[in-house]
Amino acid sequence: MLNPEVQSTGVNQDKKVEEAEPIFALDIGTRSIIGIVGFQEGNLFKVIASEMAEHAKRAMIDGQIEDIDQTAKTVSIVLERLKERTGLRLNQVCVAAAGRALKTQKAAYEMEIDGKEPISSQVIFDLEMAAIQQAHNAIIAEVDDEEVTLCCVGFSVMKYYLDNYPISTLLNHRGKKAKVEIIATFLPNEVVESLYATMSRIQLTVSSITLEPIAAMNAIIPQELRMLNLALVDIGAGTSDIAISNDGSVTAYTMATVAGDEVTEAIIRAYLVDFEAAEKIKLELSKSTRSIEYKDILGFSHNVTADELLKTITPAVENLCEVICQHILAVNEKAPAAVFLVGGGSQVPMMRELVAKYLAIEENKVAVGGNNYMKRMIVSEQDVSGPEYATPMGIAITAMTSRERDSFHVSVNSKKLRMFKSSAMTVMDALLMSGYQHNQIIGRSGKSVTIELNHQKKVIRGEYPVSAVIEVNGKPASISTPVRSGDSITVQAAIPGSDAAPVVQDVVDRWEQIQIKLNGLQLSAGTTVKVNGLPAGRDQRIYNLDVVQAYDVVLLSDLCREAKIRLEEFEFLVNGSRQKGEYFLKDGDDVRYFALSSQKAQADQFRQESQTQSSEQTPADLDDKDKNELPIKVTLNGRAVELYPKADHSPYLFVDMLNFVDIDPSKPQGNIFLRINGREASYLDLVSSGDVIEIHWDRSEKR
C-alpha cells in the first residue's frame, strides 16, 4: 500500500470552484512532486490549491523518469488530493521536461535577399528555419547514436543583422544580406514520451509542456529584467538547471548533474543512515535547528549539532557550488551581474556565500528564491513563495501565457507526431520535427559556376529546385500553413536543382564561326574563344574559375593580329588574289602569306598557278634547291630540335611545335605556358631558326 509522506495546502473541501478552465501544473522532481491548481485573472495567476508528495522509492534519476508506474502512483496522490480540495475534475495537466537530456546549440544563418523588395515575414521565417536546421545538424553531428531522435522544443532569436549591421527587426527593411543568430533547444523523444506515458497511467492528458529551466525563468526573471546579464539556477535533487539572460533574451541553457542529492549522500556516509533519514536531517538543517536527532541503520539514536553537521556537509556543498559556477562561467564567459537560486536544493546553508565566492561577485548579488518578482505574477492565499515553488509556478505561468501553444498530435505521411513548441505551429515545424532536412522542404538550388569572361566576373546560376508538394487534410498547403491537433500532413520531398554545367556557347552571346586555311593549316575564324588560353569549341564544358576570352576574327587584319603577323612585312593571297588587311574573311577562304623580301617570286608563282588550278592545290614540282634547303634549328624546352622543310614549303608556325612535346590541349591540366624568345606566344607565330620556345602546363595556379 503506497503511503508516501504528503504535505498539502489548499482551499476547504466544501469550497467548490466553478471556473471553467483551471490550470493544473505538475513539477515532477527527483525526490518529490508538486501540484498547483489555479486560474488566470487578467495577467495574474490565482493559486487556489497546492499539494506535494515525495516518492516512496527512487523512481526518478537526475530528473528523468525511470520507473513510470511508481511515478504515476505518486502523481495520483497529488492529483486525488487536489481534486478533493478543489472539487474540480482536473483531466488536463501542464508539465515540464527536465534538463538532464537538454541539448542547446547556438547557430547563425545568412542569406542573400532581393534588395528591391521589403523583407517579408516569410523571408524571416525561412531565415530562422534555416538557422534551426544548422543548429540541428550541429547537434546531430555531436551525437554518437544514429538512432536517436531529437526534437526542437523551442528557440530564441538573439540577434538579427541587415547588411552586417545589427538590427532589432528585419521586417519591411530592404537590403542585400540578412542574418539571424539563434539559440535552439532540443530533447530526445524518449524524455517526452516518458512524461506522456506517466500521465496516461492515471488518465491525464498533457495539455502543455515546457522545459524546467524555461519555466523557472518565466517565474523568476520576467522579460523586463532580461536586459540584464542574470543567471537562474534551479537546484533540484538530481540536477541543477541553469538559464542565462542578457540583452533582452535568454542566451544560454545548461545543466549540471550535481544537486541536492550530493549533500544527502554526504550525510548518509557520515552518519550511517538511509536515504530518507538523510533527507530529513538535511531538511532540519535548512530550518536552522540547533540540534538534530536521528537513528542510524543499526537502530541507535544520535544527536548532532547544526555546527557539526555543517562541517560534515561543507565539502559536498563546496563541490556543488563550484561545479554550478563552472557551468555558469562556461556558457556566460564571465560572471553574471546577479544570480537567483531556486529549487529545493537551494535551501541548503552556505549556498549564497559559496556561489558568490566561486563567481567572485558580492554576496548581495546572489539571492535565494527571487520571490519578489514571482509575487508580481501570482495571487495566492497560501505561501507558495519558497524556492521549491519556482518551477511549478513557472509551469503554470508558462501555460497561462501560452494556452494557444499547447502540445498536440499531427501525422506526417501517416506517421504520428507529438508536437510542442513556444510558438504557433506550422507545417515547417512539423516537417523539421519529423526528421526532414531543410533542403528536403525548401529545396536546394544547383551550385553556380563563376568564371572570368573577357576580364569580367560572370556567374552561371544552377537550376532552381522543385519545391516540396505539401497537403494538409488533403488540401494544398505551404510550409507556413498553421497546423492544429489531428491534422494529417502529406509531403513529397523537394527536388534539388541541377548544378550549373555551362558550355562555351552558353556564355558567348553570339556565335558565328567560319573555317579557313592559313598556309595549309585549318583554322577557325569569326567568333573565337579561348578557355584558360587554349582554343575552345562551342560545346566545350566550362568549369568554376575558368578564364574565358571571346572575340571576333573577321578581317584579314584580325587574323594577322591573332597570328602576330605584321601586315607590312608579308604579301597575302586569299584564294589566289592579293588582299589587304581590310578584307572580310569568308567561310572556306585559303589564305597564304609570303615574305616580301625573299619569297616574292614564290608568291608570284603560286598566284599564277592559283588562277588556273583549284585553291586547294599546291605546287607539285620543286627545284633541287628547294628540296635541299637547310633545316631550321630551334631550342624547344631546353633541347635542340631541327625542323626540316615541309612538303608544301609553308612556314613553321608555333602551333606546329605541339607535335614535338607531350601536351594534349584537349585534356587541360592547368593553364598552358606558351613562350617564344621570352615573350608570350600565339599559336600562329612564325618560327625561325634560333628561336627559343617553351611549351608546358603551368600548375602554379590551382583552378
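Got at least one residue in the stretch 116-135 being surrounded by 21 or more Cβ atoms within 10 Å (Cβ to Cβ), part of a strand (DSSP E or B) and not acidic (Asp, Glu)?
The answer is no, given that none of the residues of the stretch 116-135 is surrounded by 21 or more Cβ atoms within 10 Å (Cβ to Cβ), part of a strand (DSSP E or B) and not acidic (Asp, Glu).
Which ones in the stretch 383-412 are modelled with pLDDT of 75 or more, part of a helix (DSSP H, G or I) and touching a Ser or Thr at 6+ places or on another chain (Cβ under 7 Å)?
Matches in the stretch 383-412: 387, 395, 398, 399.
Give the stretch 481-498 a look and list any residue that's surrounded by 14 or more Cβ atoms within 10 Å (Cβ to Cβ) and in a loop (DSSP other than H, G, I, E, B), or say none.
Scanning the stretch 481-498 gives 481, 483, 487, 493, 494, 496, 497.
For the stretch 74-94, does any single residue satisfy the condition of being modelled with pLDDT of 75 or more, of a type outside the set (D, E, K, R) and touching a His at 6+ places or on another chain (Cβ under 8 Å)?
There is at least one residue in the stretch 74-94 that is modelled with pLDDT of 75 or more, of a type outside the set (D, E, K, R) and touching a His at 6+ places or on another chain (Cβ under 8 Å).
With the structure loaded, tell me whether residue 689 is open to solvent by 40 Å² or more (accessible area, probe 1.4 Å), modelled with pLDDT of 70 or more, among the polar types (S, T, N, Q) and under 24 Å from residue 571 (Cα atoms) or whether it fails that test. Walk me through it before giving the result.
Numbers: open to solvent by 40 Å² or more (accessible area, probe 1.4 Å): yes; modelled with pLDDT of 70 or more: yes; among the polar types (S, T, N, Q): yes; under 24 Å from residue 571 (Cα atoms): yes.
Answer is yes for this residue.
Would you tally the residues in the stretch 118-131 being over 12 Å from the mean Cα position of the chain (by Cα) and at pLDDT 85 or above?
The total comes to 2.
Just to be sure before I move on: is residue 19 modelled with pLDDT under 65 and open to solvent by 40 Å² or more (accessible area, probe 1.4 Å) in the structure I sent?
yes
For the stretch 502-586, which fully contained strands (runs of 3 or more DSSP E) count at least 1 residues that are hydroxyl-bearing (Ser, Thr, Tyr) and crowded, with 16+ Cβ neighbours inside 10 Å?
521-531
Taking residue 57, is it touching a helix residue (DSSP H, G or I) at 6+ places or on another chain (Cβ under 9 Å) and modelled with pLDDT under 90?
For residue 57, the condition - touching a helix residue (DSSP H, G or I) at 6+ places or on another chain (Cβ under 9 Å) and modelled with pLDDT under 90 - is met.
Output the residues belonging to the stretch 453-496 that are within 13 Å of residue 443 (Cα to Cα) and touching an Asp or Glu at 6+ places or on another chain (Cβ under 7 Å).
462
How many residues does the stretch 24-51 hold that are open to solvent by 30 Å² or more (accessible area, probe 1.4 Å) and more than 41 Å from the chain's Cα centre (by Cα)?
2
Pick from the stretch 361-382 the residues that are farther than 17 Å from residue 222 by Cβ and open to solvent by less than 90 Å² (accessible area, probe 1.4 Å): which of them is modelled with the lowest pLDDT? If you could, list the steps in order and put the result at the bottom.
Filtering the stretch 361-382 down to residues farther than 17 Å from residue 222 by Cβ leaves 361-366, 368, 380-382.
Filter again for open to solvent by less than 90 Å² (accessible area, probe 1.4 Å), leaving 361, 363, 365-366, 368, 380, 382.
Details: 361: 93, 363: 91, 365: 92, 366: 91, 368: 85, 380: 73, 382: 76.
Going through the qualifying residues, I end up with 380.
Does the stretch 457-474 hold any residues that are aliphatic (A, V, I, L, M) and assigned to a loop (DSSP other than H, G, I, E, B), and which are they?
468
If you scan the stretch 511-532, which residues turn out to be in contact with an Asp or Glu (Cβ under 9 Å, 6 or more places away or on another chain) and within 18 Å of residue 458 (Cα to Cα)?
Listed by number, the residues that qualify are 531, 532.
Where the second residue is of a type in the set (Phe, Trp, Tyr) and the first is farther than 11 Å from residue 178 by Cα and lies in the stretch 114-130, which pairs have Cβ atoms under 6 Å and are six or more apart or on separate chains?
130/109
Which one of these is out of contact with any Asp or Glu (no Cβ under 7 Å at 6 or more places or on another chain), among the aliphatic types (A, V, I, L, M) and assigned to a helix (DSSP H, G or I): 283, 320, 354, 298?
Details: 320 fails: out of contact with any Asp or Glu (no Cβ under 7 Å at 6 or more places or on another chain); 354 fails: out of contact with any Asp or Glu (no Cβ under 7 Å at 6 or more places or on another chain); 298 fails: assigned to a helix (DSSP H, G or I).
Result of the check over 283, 320, 354, 298: 283.
Please go through the stretch 638-663 and give me each residue that is open to solvent by 40 Å² or more (accessible area, probe 1.4 Å), assigned to a loop (DSSP other than H, G, I, E, B) and in contact with a strand residue (DSSP E or B) (Cβ under 6 Å, 6 or more places away or on another chain), ordered by number.
Matches in the stretch 638-663: 651 only.
For the stretch 297-314, indicate whether the set of residues that are over 22 Å from residue 217 (Cα atoms), open to solvent by 30 Å² or more (accessible area, probe 1.4 Å) and of a type in the set (Gly, Ala, Ser) is non-empty.
yes
Out of the residues in the stretch 254-263 that are open to solvent by 20 Å² or more (accessible area, probe 1.4 Å) and outside any loop (DSSP other than H, G, I, E, B), which is farthest from residue 348 (Cα to Cα)?
Here the residue is 254.
Quick one: residue 547 ticks every box in (1) in contact (Cβ under 8 Å) with a residue 40 or more places away in the chain; (2) farther than 22 Å from residue 695 by Cα except a single one, so which number is it?
Failed condition: (2).
What is the one condition in (1) touching a strand residue (DSSP E or B) at 6+ places or on another chain (Cβ under 9 Å); (2) within 24 Å of residue 442 (Cβ to Cβ); (3) at pLDDT below 85 that residue 100 does not satisfy?
(2)
The values are calculated or read from the model by the stated rules, or taken from the named source; none is laboratory data. Here the structure is a predicted model, which means the values were calculated and not measured. Positions of Cβ are backbone-derived with ideal geometry, glycine not excepted, and every protein chain shown enters the neighbour counts. Note: accessible area is taken over every heavy atom of the protein model, side chains too, but ligands, DNA and RNA are not part of it. Shrake-Rupley method; radii C 1.70, N 1.55, O 1.52, S 1.80 Å.
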